[in-house]
Amino acid sequence: MNKQSIVISCPIDTYSGYGARSRDLVRAIIELDKYDVKVLPQKWGGTRWGYLRDHKDDLIIPTVVGKIESKPDIWIQISVPNEFQKVGNYNIGITAGMETTLCHHSWITGANNMDLILASSNHTVTAFRNSKFQMTDKRTNQVTHNVEFNTKVEVLFEGADITKYFPTKSSVSLTELEQELDTIPESFCFLTTGHWMQGKFGEDRKNIGVTIKAFLDTFKNKKNPPALVMKCHTSSTSIMDRERMLEKIENIRRLVKGKLPNIYLLHGEVTDEEMNLLYNHSKIKALVSIPKGEGFGRPFLEFSLANKPIIASKWSGQLDFLDQEFVMYIGGKLTKVDQSAAIKDMILTEAEWFSADPLEVSKAYKEIFKNYSKWLTKAKRQGHKSRTEFNFDKMKSKLETILDENVVKAPTQVGLQLPKLKKLGTNTEQPKLKLPKLKKL
């Protein structure tokens, strides 16, 4: 029997978060061995290409095509929803969705194009369902129609690759990254990671400015304070970007008076192996990340596999997998998106997202620093939960169930079954055939 054809359009060859998500999903579908898989590579913003070649991915590379010749049985697009198109007999859109409480109406229209949406988190689903719009005629200002989310949706979490992220000790042969960390005099370092995006102080999506200032306020004028290690960039891994990062950090340091604790910047591209070594380095004691919103929060999941404490915002995607008994959640409130952080047709000023309480952030820093062994025990339990419940194989199994339950399979060829003929007996048993007499001409 022929396999159903699946064409997957996604940024599979890019160095991006969506690229990593794409590779995981494509690999899972290939490993199911139920479909004839083809992959159409797409760009992702300005992120560079070449991941598949650089990593010699022999499983995925043979599936990559430049175009498709016919309508596939199943069309999958991994992207933001305003790009979703109906191309196959059955169409699936896969997205991490939105970090805020609302999506732009073009995202809802795009999502409604598909037969099924697979969202990374329950937060994403809530944002879709909260987004309702009345569309008006620009000329008459009359309402023409309503736009709201009305397609089927399932949550498919982003499964962690536990062969890449796991607790380990420093290798005997030190990498350049490990050597840099070894030069840090402090033995206790908090780690923060992420893309320092646009937005004035306290308004950037990853909330890196507040993360830095709260650290400085908490440990200024202290004897033997911890350090803060930042694996961050603003837009690229260039030297100019590094200089911008250093300037932004210095601008925040100027806001705090007194003897300040040290901050170290790690800048540039790193491999998955190097990130795992960073997470596991003996001087890296905990992750602090207080974003305004996450569609899923992949770095939280990957860091948790190192069995170390996490300080996190108590809102959005990470709530699906970070257990409040095992991590230090930060309270706060929902606030309107500031104009400085808005992105056209994406991050809307009408929407809200999370603003962490700086006092709670400071308390969390102190608690983890003073009572580290207690939180280390909790972190090991979170690590176990992440490994056993949110790994790649669990994600693949859930994906298989979703496809089996939702995708209508093409009809298979059925053999022709004829009725059995009744065997006739001897000539004497056969009925005699009476023919009409012919009239002689």
> Restricting to the stretch 85-105, what's the tally of residues that are more than 17 Å from the chain's Cα centre (by Cα) and over 24 Å from E203 (Cα atoms)?
Replying inline: 7
> Looking at (1) touching a Pro at 6+ places or on another chain (Cβ under 6 Å); (2) surrounded by fewer than 15 Cβ atoms within 10 Å (Cβ to Cβ), which is the only condition W375 fails?
Replying inline: (2)
>> Consider the stretch 195-231. How many of its residues are closer than 25 Å to D272 by Cα, out of contact with any His (no Cβ under 9 Å at 6 or more places or on another chain) and not aliphatic (A, V, I, L, M)?
In response: 2
>> Among the residues in the stretch 177-193, are any touching a residue at least 12 places away in the same chain (Cβ under 8 Å), closer than 26 Å to K292 by Cα and of a type in the set (A, V, I, L, M)?
In response: yes
> Which one of these is surrounded by fewer than 16 Cβ atoms within 10 Å (Cβ to Cβ) and within 20 Å of F190 (Cβ to Cβ): L255, L322?
Replying inline: L255
> Here are some residues: D13, D54. Which one is closer than 21 Å to T271 by Cβ and in contact with a helix residue (DSSP H, G or I) (Cβ under 7 Å, 6 or more places away or on another chain)?
Replying inline: D13
> Within the stretch 50-65, is there a residue that is in a loop (DSSP other than H, G, I, E, B) and aromatic (F, W, Y)?
Replying inline: no
>> Against the condition in contact (Cβ under 8 Å) with a residue 60 or more places away in the chain and buried (at least 19 other Cβ atoms within 10 Å of the Cβ), how does P11 come out, does it pass?
In response: yes
>> Taking the criterion of being over 26 Å from the mean Cα position of the chain (by Cα) and more than 30 Å from M114 (Cβ to Cβ), would at least one residue in the stretch 154-166 satisfy it?
In response: no
>> Residues that are without any contact (Cβ under 8 Å) to a residue 12 or more places away in the chain, at least 3 per element: which strands (runs of 3 or more DSSP E) completely within the stretch 75-152 meet that?
In response: 143-148
>> Please pick out the residue among T163, T140, T100 that is out of contact with any strand residue (DSSP E or B) (no Cβ under 6 Å at 6 or more places or on another chain), outside the structural domain of L319 (by TED's automatic domain parsing), closer than 30 Å to G383 by Cβ and not acidic (D, E).
In response: T163
>> So, restricting to strands (runs of 3 or more DSSP E) that lie completely within the stretch 177-292, which ones have at least 2 residues that are at pLDDT below 95 and outside the structural domain of Y15 (by TED's automatic domain parsing)?
In response: 189-195, 227-233
>> Can you report the number of residues in the stretch 145-176 which are modelled with pLDDT under 85 and closer than 22 Å to D345 by Cβ?
In response: 0
>> Here are the criteria: (1) crowded, with 18+ Cβ neighbours inside 10 Å; (2) assigned to a loop (DSSP other than H, G, I, E, B); (3) at pLDDT below 95. Tell me which single one E69 does not satisfy.
In response: (1)
> Given (1) over 26 Å from E405 (Cβ atoms); (2) β-branched (V, I, T); (3) buried (at least 16 other Cβ atoms within 10 Å of the Cβ), where does I108 come up short, assuming only one miss?
Replying inline: (1)
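The values are calculated or read from the model by the stated rules, or taken from the named source; none is laboratory data. Since this is a predicted model, take the numbers as computed values, not measurements. When we count neighbours, we look across all protein chains shown, and the Cβ atoms used for this are built from the backbone with ideal geometry, even at glycine.
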